[in-house]
Each structure stands twice: as structure tokens, then as C-alpha cells.
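Okay, so here's the structure we're looking at.
Just so it is clear, none of the values below were taken in a lab; they were calculated from the coordinates. This structure is a prediction, so every number in the text was calculated from the model and none was measured. Note: ideal-geometry Cβ built from the backbone for every residue, glycine included; neighbour counts use all protein chains shown.
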Amino acid sequence: MSVSRFWRKIPQRYNLVGTQCTTCGRYFFPPRSLCPDCRRDGNIIDHRFNGEGTVVTYTVIRSASDQFEHTTPYVLAIVELDEGPRLTTQVACPPEEVKIGMRVKSIFRRIAADGESGTIHYGTKFVPVE
Amino acid sequence: MVGIYSYGVYIPRYRIKVPEIARVWGGNANDVMRGLGVFEKSVPDLDEDTATIAVEAARAAMRRRTVDPEAIGAIYVGSESHPYAVKPTACTVGEAIGATPNMTAADYEFACKAGTAGIQTCMGMVKSRMIPFGIAIGADVAQGAPGDALEYTAAAGGAAFVIGDENTIAEINETCSFTTDTPDFWRREGQNYPRHGGRFTGDPGYFKHVQGAARLMFEKVGTDPKDYDYAIFHQPNAKFPQRVAKMLGFTEEQIRPGLVVPRLGNTYSGASMIGLAATLDVAKPGDRIFVTSFGSGAGSDAFDITVNDTIDSAEFDRTAAPTVEKLLANPTYLDYALYAKHKGKIVMQK
Amino acid sequence: MRDVAVIGVGCTEFGEHWSTSFRDLFVKAGALALEDAGLSGETLDALYVGNMSAGRFIEQEHIGALIADYAGLATNHTASTRVEAACASGGLAFRQAVTAVASGMEDIVVAAGVEKMTDVGTGASVDMLASAADREWEGFAGATFPGLYAMIATDYMHRYPLTREQLAQVAVKNHENGAKNPIAQFRNRITVDTVLNSSLVADPLRLFDCSPITDGAAAVVVVPLDRAREFTDSPVRVLASAQASDTIALHDRRDISTLDATVAAGKRAFAQSGLAHKDIDLVEVHDCFTIAEICAIEDLGFCKKGEAGRLTAEGATALGGEIPVNTSGGLKACGHPVGATGIKQICEVVTQLRGDAVGRQVDAEVGMTHNVGGTGATVVVHILGA
């Protein structure tokens, strides 16, 4: 991922900063600058999510792209944040432990790197809540 | 009075046992464990590094006590394993805790005492009223060369201390340091693993500097070991801190809560700081704590600390983040092959 | 608006074509289609070519121009356009061609699709295919294309009575059909055990639940219906052309196991044609993964949600069943040269409606095609009649 494209969304990736449409109240993560319901009538503000949620569905990736090679098997899941939006993320737990409905919370981890000499991409993953 | 406003620790969940390392290199496990007093060490996950550890430790400190991120005026991260040689870990931490952009930051290196050097810097900036709060972090994913004695103990972990000057949970009454140019342990730029002077790392290294800083502190504040409830020394293994404690006149009981190395290994820049955190986990108001770190190269930072009532108050919630004991419990064990993969010791196709 | 007819079809063999380049693949398919239509190139008014990612697979953009040039049409300065909607590029190229003819803007138009995928390593192609999904918020997190469909499968199997064996039977049936299709990449028959013993790609999907990486091209010729008999005795009429969009990321969908864009495009197609489900004699659906075929059958409305697995196991979607699905062998057995698949689906339905599907013929007067981009962000549905 290019330097500027990664940088542009650092607050979103590190701190789950999404958006909210104050006109209809809907929350968005990943962030949206246009509310799909209100469109131009929507007033969008930033919103920082708590980082707590529930696993909606998941898989265990065993064959990955080059960037994630050698990190398999890893758990990929769709997590529904308590505030409503759903996101796609990794869950750092043994594959046998992940379940639909499992409660999870956000943690700061290294997502990928641009080779040995490029930049490191940090971001948010989730872990089971004990 | 300047002191510790909050603290947090992060230790990865994986471990490797000393006998498993000995098995690979033909060492005698019992001799090693008896000689070092270390039984297992922590290992980072594939997606953990010094930056992720530093962030989680800082976030743990922020969960235990409300700190306005915009009031954090400085962040210093000390480590021997910063992910970048050029591009500070402290900036990533600042972004991840919402302290940017109105702050200063830098990364420190001073072997295992880089984190405590950060505490001293924050103390100066807070005491002089340059900033309301500063955060000093010591974190490492330490590397020991395969087959070398240091491989038994080089571990991963970190601690963050928020330094402030009002309503602290513990006051730092005094700090002083003892520093010389001593080549006991080093790593040249570009090299994967550190080298060391073998037995030279003992008396001319660790013992000279720890005792130097400790005695300077006794002189400065007019104390001796019996004035303290607890003491924490840098812990590259269990023997060195036990021996220096005895040499200085501290008892086994005084160093016990802070001696985490047998189950954790040496977290390098995190070592003394995690020991201090483990002690604060059990300390009560009025307890007096003596800390002396050590970093090769070489130097020691000593601290004289008194715990306040605030540690038991509603403002500070120790349970909002895991204690060191909780982080040490229920680990997942790896064999040497997975450990080598996690530590990036396997030569991969570039 | 004029009625549109297909008067010629052509499809290369799908497979790993080490000796054939991107442009050679297209030229082959184009020549076959024009031969079938009895046309020569200089009569063409326009070209629409579906291609997902030549820019990444072979570092080539400006595909419309490249194809026109190597098809010998640049000397006539024929209008040529590249159409992209990830795996629905081919179906969308057909829709663009149909729209151009129906509107009266063009008369004789080729709709084609081509993809050359084997010039890069597997790890690289996995990454390129992931760009059909949401790069910033799915790909960045480590999602792969099979991983996204696997999450659909996990959700589906948690809520509906689909067994692992029933899911495997989708692949078994498609290989059975592919064995009879001369252009299919895989002509071998397989069993449920073959699927269940193949290695896991993204739980619960295994190697044999996934369509392969393939090179291939296909092309069709469309003209106004009232001119079709100038060229052929067996024109096939386009009865409906429908398209729908949905959120690009799976996590933003209303219901993870329902492709709402399929539901919308299907309804639009049935409304346009005035037909009902019982009128459809065969349907080519987008089985990029076995679970995708299960969802497609249901989301197009051929049965209720949760029933497609049972229907498959009972043989209802086999060649001799009530509603033959993927008589061509689908993406699983034919292979999935991304941009070409949607056009190949048109070729199969036309071939079946003409009565030319040797060895795999079904009794057909009306056929449907269903082409999906990404995990369902674009869906294109066509209905064709003899």
C-alpha cells in the first residue's frame, strides 16, 4: 500500500475513528463522507468507536496473498461493533477458538509491511474478551 | 511533586521454556536454569513488535486513569529493537493514544535502561512546568543470537509510565545516575544480534554501575536499605539482582514482587520498568520503593519512590488493565521452530 | 428501443495457455465469433471488451484500443471500449453492446471478454483478485477473495440447513457437465470425496470448492433483431438485460448470505421479459465458489433461501433436472478467466437454444445468465430466447 494512502487513514486504522451522520444518527465504520440514506442532506462528523463487538461470521485463511504469506493460518472475521457498523478484521486467537457470537475487543497490531525496507502498516485487530 | 500518575504493562501471551532452547543447542537445561534462575521467556506473536507492545502498554496506563491525551506533552520510547532505525516509535504511540500533534517525541537507546532514561526526561519537563504530563515507555522484542547464552533470556514486553506532578499515585522523590563508557555489551549498526564481553559484563558492567547509582542515591537522600519496603533492580537473569541486592543490603522479601525474570525473561528496556509495575501492583500507600536500572554501554538510573493514597483512590483503577501477574499467567508455549519463526530467525527469500 | 439478437458466438479453450498471449486469445475468440456470424470485421460498428485487470496481470491498460488494433479493426477506426466490473466485466460488456444496439446508436456490435491470468505467480494473482473487493477495508485487513466467500459460507451454514456434502455436490455436478464441454479447463469427473479431501483454502472452502485461475477469451455478435436473418437462420433474442449494484464490502451488506444485487437484477430481468421462473429452461450462474451457486439459485428466486443445497443433492439442477444450472460446467469446471466468463455464459445459452450443445443438450427455449462482480457488488442478468 502506498505511503500516502496508508497515512491518510491512520486515525481510522489505529483508533477506529469512523463517522456519524447526525441527521439520521447512523454510524459508519469504515468511515463514509456521504450518508447513503441522507446523501447531501446528511451532516457528517467524526466518531471514535469503543472497540468492542461481536463476531458475525469468520473463516480461517490458509492460502494468502504474498503480503500475508507465512502468517497463515489466521482468522479473518466480520465483527459488528457495539455501536452498529460491521468491519472486516483479523482475530488474534487460535483458529479453533473463534465462534459466531464471540465477544471481542480491539488491539493494536502490525498488519503488514512493504517488504524489508518499506514502511510498516500498523492497525487494529481484535482479541477474544476473557 | 513530580511522580507516577499512572502505569501500564503489556506482555505477549507466548512463551518458550529454557529446556526447549537447551535441547536445540545441546545445553544442559538444569545447569542453565540453576545458573540463570530463569525458566521460560516471553515471545512476541507474528504481528507484534516494539511499537505494538509500546502502544498496548500506554493504552493500559490510560485505561487505569483518565488522562487528557491533549495534555500529554512528551512521549519517549526506549528500546533496543525499535521497528525502524529511523522513524520514531514514539510517533506511532502518540498517534495511537490521540496525543498528537501538540507534543514532543523521540526514541531513546541505552540498552536496557532506555526506558528509565525516558522517565528522567519526563520528570525534568514536568517538574519545570514545560508540560503537564509525559509518557516514558520501555519496550523490547529482544534478540539473542541463536546458540548464545543470551538466547535463554532475551524476551518481549514493555511498560509505560505517565509522569505528572499533581495527585500522583507515587512520588519520585529523587533520581540520580551513574554513567561511564564501558563496552560490556553492544550491537553495531546493521548487525542482527548483539555481542557481549562474557564475564566482563558482570563486575565492570552491571555490578559497578548498579552499585554506583544506588550508593549515590543513599548519599543524596540519606537512606539505607532498611528505609525501603521494596527494591527493584535490572534483571538480565535472577542471579544478578539477587546478588546486587545482597551486596547493597536489601533482603529477598524486598525484591520478591519486582523479580519477574524467572517467568518472563529479560525484556531489556522493559525489565526494570515491568519489575516496578509488578511492585506497584501490590504496593500500598506509604510504601517506599527503591529502583535501579542498568543499561550496557553503560549506566544505571536510580529512583527513590513513595507510594501515595491516590493509588487506592477512585481516580486510579488498577483493575482496568491486567496486572503483571495476570499477564504472566496462562501462557501458550511454543517449540523452538515456531519460536524461531516468530522471532524472524529463519532466513527467508527476500 | 429496438429488440436485439445474438447472431454469432465464439469461445477459446479455457486453461493455462503458456504459449498464447492476451492479444492472441482475443483474436482467436473474435475470429470464431465472426466466423459463426458469417461476418467480416469491417462491418463492425463497435466493440465492447470485458476485462478485469490487464493492468495488473500483464501491465497493460487501454485494452479497447489494443483489442481493436490486434483484431485488425484499427484501420477502420472502429469504436472500441473496455468495460470493467471485476468478475462481471463480461456480462457488463454484453449489456453495453445490447444497449448500444437497442438504442439505435450502433447496428453490428461485438461483445467480448478476455483475461490472461497465468503470467503472474499465485500469490500475486490472489492479491490482484482481491481488488474486486474493498482494498482499503477488506484487502488491507488480510481478506482474500476465497476468504470473503468462505465467510458467506460460514454465515449461511450457521443459519440454513446446508451440509458440507451438499455444497460439494455443486462442484461434482459442474465437473460432470464440464466433462462434456470441449472448452472446459477441467474435463475430469470428481466425487464428493474429492472435494472433501482437497486442501482447505479458507475454512470451510476447500480447493475443489473454488474456481481456478484461467486464461481464456469469448466473443459474441449482436445486431438489431429485424436484421438478424440477414446473417443467420437461428438468431437468439435478448429478452432482458438487467444490472444492479450493492455495497462493495461484504461487511456493509444487509444480509451476508443474500446477494441483494442478484435479487434486484433478477427481478428487473423477469419484469423486462414478462416471464416467470417456470419459463426459464436453463441458467448459467456465477459459481466462483460452490457457495456462490447455492446463493445464486435462491437469490434469483428459483427456490426459497436455504433450499438450494437440498435441490442440488436431489439432482434438480443437473442436466436432466427441473432447472439445469451451469450446463457449461460453470466457473468451476470451465475455469474463470475473469473478464471472459460473462460472455462464455452467453455463448453457452445461445448454443443450448440453437440445439448445438452436443453431449450436454437440454430442451431449451429460454435461458438466463447471471454474472457477479466481487462478492456481489455488481450483478448482471440476461434472459435470452430462441
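Just a few scattered comments:
- Relative protection proxy for A:76-84, B:76-84, from highest mean packing down: B:76-84, A:76-84 (other beta-carbon atoms within 10 angstrom).
- Between segment B:264-329 and segment A:53-126, the Cα center-to-center distance that results, in Å: 32 Å
- Stretching C:Arg310 away from C:Asp233 to a fully extended chain increases their span by 23.7 nm, per 0.36 nm per residue minus the current alpha-carbon distance.
- Approximate spin-label separation C:Asn76-C:Ala276, in nm, with each point projected 7 Å along Cα-to-Cβ: 4.5 nm
- For the protein assembly as shown, alpha-carbon Rg over 2.2 N^0.38 Å: 1.15
- Zone of B:Asp68's modelled label, taken as backbone nitrogen in segment B:85-123 under 14 Å from a point 7 Å along Cα→Cβ: B:99, B:102
- Computed over segment C:266-382: relative contact order in percent, which uses C-alpha pairs under 8 Å that are six or more apart: 32 percent
- Segment A:10-62 - Debye-derived log10 I(q)/I(0), Cα point model, q = 0.15, 0.28 Å⁻¹: -0.50, -1.01
- Cut-off 14 Å, label 7 Å out along Cα→Cβ of A:Glu130, residues of segment B:309-330 by amide N: B:319-330
- Fewest neighbouring Cβ atoms within 10 Å first, the residues C:Ile58, A:Ile111 line up as C:Ile58, A:Ile111.
- Within segment C:1-51: Cβ-based charge dipole about Cα centre, in debye rounded to nearest 20 (Lys, Arg +1; Asp, Glu -1): 100 debye
- Listed by Cβ neighbour count within 10 Å, with the fewest neighbours leading, A:Lys125, B:Lys113, C:Lys278, A:Lys9 appear as C:Lys278, A:Lys9, A:Lys125, B:Lys113.
- Counted by Cβ distance under 15 Å from B:Arg65, the other residues give a net charge of -4, where Lys and Arg count +1 and Asp and Glu count -1.
- A Förster radius of 41 Å, combined with the Cβ-Cβ distance separating A:Glu52 from C:Ser131, puts the computed FRET efficiency at roughly 0.85.
- For a modelled paramagnetic label at C:Asp69, 7 Å from Cα along Cα-to-Cβ, the residues of segment C:6-38 in reach, with backbone nitrogen under 18 Å, are C:21-28.
- Evaluating 6.51 cos²θ - 1.76 cosθ + 1.60 at θ = phi - 60° for every residue in segment B:78-84, the Karplus couplings come out as x, 6, 9, 9, 4, x, 10 Hz, glycine and proline recorded as x.
- Gap separating the Cα centres of segment C:225-261 and segment B:166-208, nearest whole Å: 70 Å
- Furthest towards positive pole of dipole, B:Met62, C:Phe94, A:Thr59, structure part the protein assembly as shown, Cβ charges: B:Met62
- Whole-Å distance, taken between Cα centres, linking segment C:271-321 and segment B:2-64: 55 Å
- Database remark: amide H of C:Gly50 closer than 5 angstrom to the amide H of C:Val83, C:Ala112, C:Gly113, C:Val114 (H placed geometrically; neighbours at sequence offset of 5 or more, or on other chains; Pro and chain starts carry no H).
- Ascending count of other beta-carbon atoms within 10 Å, so fewest first, for B:His342, A:His47: A:His47, B:His342
- Dipole axis of the protein assembly as shown (+1 Lys, Arg; -1 Asp, Glu on Cβ), positive-most option in C:Asn177, B:His209, B:Gly73: B:His209
- In sequence order, segment C:237-247 has phi-based couplings of 7, 8, 8, 7, 9, 9, 9, 8, 10, 8, 4 Hz under the Karplus curve 6.51 cos²θ - 1.76 cosθ + 1.60, θ = phi - 60°, and Gly or Pro positions carry x.
- Inter-label distance for B:Met247 and B:Arg129, nm, one decimal - labels placed 7 Å from Cα along Cα-to-Cβ: 4.3 nm
- Relative contact order %, chain B, counting alpha carbon pairs below 8 Å whose residues are six or more apart: 26 percent
- Simple rule: put +1 on each Lys or Arg Cβ and -1 on each Asp or Glu Cβ in chain C, find the dipole, and look at C:His277, C:Tyr149, C:Ala33; the Cα lying farthest toward the positive end is C:His277.
- Taken about its Cα centre, segment B:112-180 carries a charge dipole of roughly 200 debye when the Cβ of each Lys and Arg holds +1 and the Cβ of each Asp and Glu holds -1.
- Interchain or long-range residues, amide H under 5 Å from A:Cys35's placed H: A:Gly42
- Kirkwood analysis of the Cα pair distances in segment B:1-75 returns a hydrodynamic radius of 15.4 Å.
- For peptide C:252-259, the mean count of partner chain Cβ atoms within 10 Å of a residue's Cβ comes to 2.
- Amide H contacts of C:Ala217 (H built 1.01 Å from N, under 5 Å, at least 5 apart or other chain): C:Thr12
- The modelled label-to-label distance for the pair B:Asn167/B:Arg23, using points 7 Å beyond Cα in the direction of Cβ, is 5.2 nm.
- In a reduced charge model with +1 at each Lys and Arg Cβ and -1 at each Asp and Glu Cβ, segment B:1-87 shows a dipole moment near 300 debye about its Cα centre.
- Relative contact order (%) - criterion: Cα under 8 Å, at least six apart; region: segment C:195-303: 25 percent
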